[in-house]
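Rule-based calculations on the coordinates, nothing more; no lab input. Everything numeric here is computed off the predicted structure, so don't read it as measured data. Cβ placement follows ideal geometry from the backbone for every residue including glycine, while neighbour counts extend to all protein chains displayed.
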Amino acid sequence: MTANVREFPVFRPLKVSTDSGSHSKAEPVGPLKSLQDLPEMPLDIIHEVLGYLDPQDLLNLLNSTRGFRSFLLKDSSVPLWTTARANVPELPPLIKGMDEVSFASLLFDKHCEVR
């Protein structure tokens with residue numbers, strides 16, 4: 001029986017340089033990095049990083065792992081959802097009686113559920 005191992009995105013930091021013209025060029029710098037350590041970061045760092053995302057990104061993260069799902073569904077994460085909604089200025093205001101996660105799901109999910 002093989003273990004179910006989740007692959008995490010791998011990236012390489014880039015250094016952007018400009019040549020004599022107006023073109024900029026991005027070159028890989030340093031060793032490959034992975035996002036597998038993101039769930040292990042301190043909560044204040046995670047809050048800071050997630051504060052730059054929009055609601056659709058948070059929904060994608062919510063559906064990626066059990067850890068992120070439980071973290072993003074806690075009452076303490078409501079300010080993250082509010083900030084994410086504020087990051088997209090053209091969104092309509094929150095519907096009265098609806099929580100942030102349900103509202104984001106209504107706007108960005110590809111399916112609709114009646115609860």
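Counting other C-beta atoms within 10 Å, and keeping those with at most 14, which DSSP coil chymotrypsin sites (Phe, Trp or Tyr not before Pro) do you find in the stretch 34-113? Don't jump to the answer; show the numbers that get you there.
Working: sites: TYR52, PHE68, PHE71, TRP81, PHE103, PHE108; in loops: TYR52.
Taking the stretch 34-113 and a limit of 14 other Cβ atoms within 10 Å, the loop chymotrypsin sites (Phe, Trp or Tyr not before Pro) found are TYR52.
Remark: the stretch 81-92, residue by residue, has Karplus-estimated 3J(HN,Hα) of 5, 5, 5, 4, 5, 5, 6, 10, x, 8, 6, x Hz, where x stands for each Gly or Pro and the curve is 6.51 cos²θ - 1.76 cosθ + 1.60 at θ = phi - 60°.
Under a Cβ-Cβ cut-off of 13 Å, what is the net charge of the residues other than ASP54 that fall near it, where Lys and Arg count +1 and Asp and Glu count -1?
-2
One quarter of the convex hull surface built on the alpha carbon atoms of the stretch 43-115 amounts to 5.1 nm², the projected area averaged over directions.
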